[in-house]
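Student: Before I ask anything, here is the structure I am working with.
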Amino acid sequence: MKNLTTFIAVTAIFLSLSLGSANADDHDGGPFYAFYHVQVSNPSTLVSAMDTFWASECGKQYPADVALLEEVFNGSSPSTHFIINTFQTSADQAQAAEIMRSCPDAVAFVQSLYESGTLPVSQYMGSAPIDESDWTEDIVFSKVDIVVEPQNQERYADAYAKMMKKISRDVEMRSYGLGRVGFGRDRFTHWVWTGARSIPELNAITQRLTSHPVFMEFNQDVGRMRDVMNTSQNVIIKSYPR
């Protein structure tokens, strides 16, 4: 019982991290992206648990676009999947936290995760200063976790935005962006993503992107400002629109 209580406590935080600015107005810097990485031995049980919760009355009120992704390749991380919540405002995020704390369907959801052997690995939340196109229209993503020191972050983001804008003139890009971790910044400070509709399309985009002369100029200019912590390939298993 102690293990179950601990899991519920950790997972409740894991699934409902609350921003201190929850009473801010609707223009408070969102959208906010919350990542919840988990280790799953039986993915079908996780999908079933998520289906059950998001079909419930509480799930229908959950104020976020939610997606479950499989981490196809992610290095040595024990995480096999992650759930991403897109909150448009911190008020939405605070409402989601309250639902996860108080709704019986949410408690049952968390308990079903424990019983299925789902283990929390890591969680973090942040905003995306650069967020181009609609990532929900893509299925597969490359994700690069990086560390950029505070004094270099503005310059790095500006250089990334300019690079991608130039490359987009020659390469048919899908969604892409640069996210900045606000809470949970113990492993990296930013994540960079590129989306596509299929793995072959993502591979083609990545090849053209990384071989472009502007990308090489970008690396020469600001490459030393970042440390790459991990690169991963991730595929959406299922989505739960708001």
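Student: Going through S112, S44, S56, S102 one at a time, which residue ends up being open to solvent by 50 Å² or more (accessible area, probe 1.4 Å), out of contact with any strand residue (DSSP E or B) (no Cβ under 9 Å at 6 or more places or on another chain) and under 22 Å from I237 (Cα atoms)?
Tutor: Within the list S112, S44, S56, S102, the selection yields S44.
Student: Further, regarding this structure: Has segment 234-241 got any residue that is crowded, with 17+ Cβ neighbours inside 10 Å, in contact (Cβ under 8 Å) with a residue 12 or more places away in the chain and farther than 22 Å from S79 by Cα?
Tutor: No, there is no match, as no residue in segment 234-241 is crowded, with 17+ Cβ neighbours inside 10 Å, in contact (Cβ under 8 Å) with a residue 12 or more places away in the chain and farther than 22 Å from S79 by Cα.
Student: Take the residues of segment 183-203 that are over 15 Å from the mean Cα position of the chain (by Cα) and closer than 15 Å to I139 by Cβ: which is most open to solvent (accessible area, probe 1.4 Å)?
Tutor: Taking the candidates together, the pick is R197.
Student: Residues to consider are A128, A157; find the one that is free of Cβ contacts under 8 Å to residues at least 60 places away in the same chain and crowded, with 17+ Cβ neighbours inside 10 Å.
Tutor: Within the list A128, A157, the selection yields A157.
Student: Could you list, in sequence order, the residues of segment 222-233 that are open to solvent by 80 Å² or more (accessible area, probe 1.4 Å) and assigned to a helix (DSSP H, G or I)?
Tutor: Matches in segment 222-233: R224 only.
Student: Right, next: State all residues of segment 98-124 that are out of contact with any helix residue (DSSP H, G or I) (no Cβ under 8 Å at 6 or more places or on another chain) and within 30 Å of Q153 (Cα to Cα); if no residue qualifies, say none.
Tutor: Those that are out of contact with any helix residue (DSSP H, G or I) (no Cβ under 8 Å at 6 or more places or on another chain) and within 30 Å of Q153 (Cα to Cα): V121, S122, Y124.
Student: Moving on. Can you confirm whether segment 204-218 contains a residue that is open to solvent by 20 Å² or more (accessible area, probe 1.4 Å) and within 18 Å of G75 (Cβ to Cβ)?
Tutor: Checked against the condition, which is being open to solvent by 20 Å² or more (accessible area, probe 1.4 Å) and within 18 Å of G75 (Cβ to Cβ), segment 204-218 yields at least one hit.
Student: Determine whether segment 160-167 contains at least one residue that is out of contact with any Asp or Glu (no Cβ under 8 Å at 6 or more places or on another chain), open to solvent by less than 40 Å² (accessible area, probe 1.4 Å), more than 30 Å from L46 (Cα to Cα) and outside any helix (DSSP H, G or I).
Tutor: Looking for residues that are out of contact with any Asp or Glu (no Cβ under 8 Å at 6 or more places or on another chain), open to solvent by less than 40 Å² (accessible area, probe 1.4 Å), more than 30 Å from L46 (Cα to Cα) and outside any helix (DSSP H, G or I), one finds none in segment 160-167, hence no.
Student: I'd like the full set of residues that are touching a Ser or Thr at 6+ places or on another chain (Cβ under 9 Å), of a type outside the set (A, V, I, L, M, F, W, C) and in contact (Cβ under 8 Å) with a residue 60 or more places away in the chain, limited to segment 188-225.
Tutor: G195, T206
Student: For S122, indicate whether it is in a strand (DSSP E or B), farther than 29 Å from D28 by Cβ and not aromatic (F, W, Y).
Tutor: no
The values are calculated or read from the model by the stated rules, or taken from the named source; none is laboratory data. A quick note: this is a predicted structure, and the numbers were derived from the prediction, not measured. Neighbour counts are summed over all protein chains in view; Cβ atoms, including those assigned to glycine, are modelled from backbone coordinates with ideal geometry. The protein model used for the area step is the full one, side chains on, heavy atoms only, and it has no ligands, DNA or RNA in it. Shrake-Rupley method; radii C 1.70, N 1.55, O 1.52, S 1.80 Å.
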